[in-house]
Every structure is written in C-alpha cells, then in structure tokens.
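Notes follow once the structure below has been shown.
Throughout, read-outs are computed from the coordinates displayed, never taken from laboratory work. Given the structure is predicted, the values throughout are model-derived calculations rather than measurements. Ideal geometry is used to build each Cβ from the backbone, glycine not excepted, and the neighbour counts take in all protein chains shown.
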Amino acid sequence: MANQTHLHTLQQGVPFWNQWRREHPEILPDLSKADLSHTNLRSIDFHQTNLRFANLTESDLEGANLKGANLSLAHLRSSRLQGADLSHADLTGADATDADVKDANLRNANLRIAQFSGTDLRGADFSGANVSGTVFTNAKRRKGLWNIF
C-alpha cells in the first residue's frame, strides 16, 4: 500500500515532487498499489521508487527517471514512456500493452514475463535486459531488434 505522505507529496505536482526528491535523497518512495492512471508525470523523478502493482494506465511518463524503480506487476497499458530511463528497473510481470516506449533506456532491466504486445519499441535500448518469457506480439520495433534477445 502506498505511503500516504508520499502520495500527498506527489499530488502537489511533478515540480514539487522532483524538488522533494532532491531535498530528501535518502527516502525511497513507496507508491505501491497507487492509482496514477491518466496522470501527467512527464519528467518525474521516480528513480528507486516502489511502484509495485501501481496503476499507470494511459499516464504520460515521457522523459521520466525510473532508474532502478520497482514496477513489478504494474499496469502500464497505453502509457507514454518515450525517452524514459528504465535502466535497472524491475518490470517483472508488468503489463505495458500498447505503450509508447520509443527511445527508452531499458538497459539491464528485468522484463521477465512482462507483456509488451502492440508496444512501440522503436529506438529503445534493451542491452543486458532479462526478457525471459516476455511477450512482444505485434510490437513495433526497429529492424533487427530481436537479435539482442
């Protein structure tokens, strides 16, 4: 369950949240199970944030810092993650169906048994990512992308 103080801080807006993260680097935010669907979270600093089971359906996370975040079993359906940093993030069992993940950094991310059907993966970097059991049915990709898996 999301920490209510962290959730209240986020409700103050992305600039407020990012400033709070800079002022309190020792805090690892817990937004697990939070409903953040249909939310503008562009350029948010969610590095090392617990977003396990979070609902981010149709949210705008373009340019977000999600480095090392726990997004396991998160709902990312139709979300916008273009240019986001998801390196070292845990997306085990996440549902990113029909998401826009163009030009995202997924280096060394754990995508085990995640759902990326219909997802736009053009320009995304999957170097070192664990894609065991990941579903990429009808995903848009640059030519030769599957060579790295």
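Long-range amide H contacts for Asp35: which residues qualify at under 5 Å (H placed 1.01 Å from N, peptide plane, sequence gap of 5 or more or a different chain)?
So Asp35 has HN proximity to Asn55.
Of Leu106, Ala54, Leu31, which is farthest along the charge dipole of the chain in the positive direction, counting Lys and Arg as +1 and Asp and Glu as -1 at C-beta?
Farthest towards the positive pole: Leu106.
Along Cα→Cβ, 7 Å out, is where each label goes; now give me the distance between the ones at Ser117 and Asn3 in nm to one decimal.
The two pseudo-label positions are separated by 3.6 nm.
Could you tally the net charge around Gln4, taking each other residue with its Cβ under 14 Å from the Cβ of Gln4, Lys/Arg +1 and Asp/Glu -1?
Taking every Cβ under 14 Å from that of Gln4, the sum is -1.
What translational D, rounded to a whole number of µm²/s, comes out for the chain from Stokes-Einstein when the hydrodynamic radius is the Kirkwood one over Cα pairs, at 20 °C and 1.002 mPa s?
So the translational diffusion coefficient is about 144 µm²/s.
What is the spin-label model distance, in nm, from Leu28 to Arg42 if the labels are put 7 Å beyond Cα along the C-beta direction?
It works out to 3.1 nm between the two label points.
Between rounded, prolate and oblate, where does segment 88-142 land on the alpha carbon gyration tensor, with a ≥ b ≥ c its root eigenvalues, rounded for a/c under 1.5, else prolate if a/b exceeds b/c?
Oblate shape, in that a/c is at least 1.5 and b/c is the bigger or equal ratio.
Hey, what angle do you get for helix 14-23 against the long axis of the chain, alpha-carbon based, 0 to 90 degrees rounded to 10?
Between the helix axis and the principal axis of the chain, the angle is about 70 degrees.
Within the chain, count lysine pairs with alpha carbon atoms under 20 angstrom apart where the residues are 8 or more positions apart or belong to different chains.
Lysine pairs meeting both conditions in the chain amount to 4.
Dipole size in debye (nearest 20) for the chain around its Cα centre, Lys and Arg Cβ +1, Asp and Glu Cβ -1?
460
Mind jotting down the distance between the C-alpha centroids of segment 24-66 and segment 80-134, whole Å?
Spelled out, the Cα-based centre of one part sits 15 Å from the other.
Taking 30 Å as R0, compute the FRET efficiency from the Cβ-Cβ separation of Asn138 and Asp35 and round it to 0.05.
FRET efficiency, Asn138 to Asp35: 0.65.
Quick check: from the Cα gyration tensor, does segment 50-113 come out rounded (a/c under 1.5), prolate or oblate?
Rounded shape, in that the Cα axes give a/c under 1.5.
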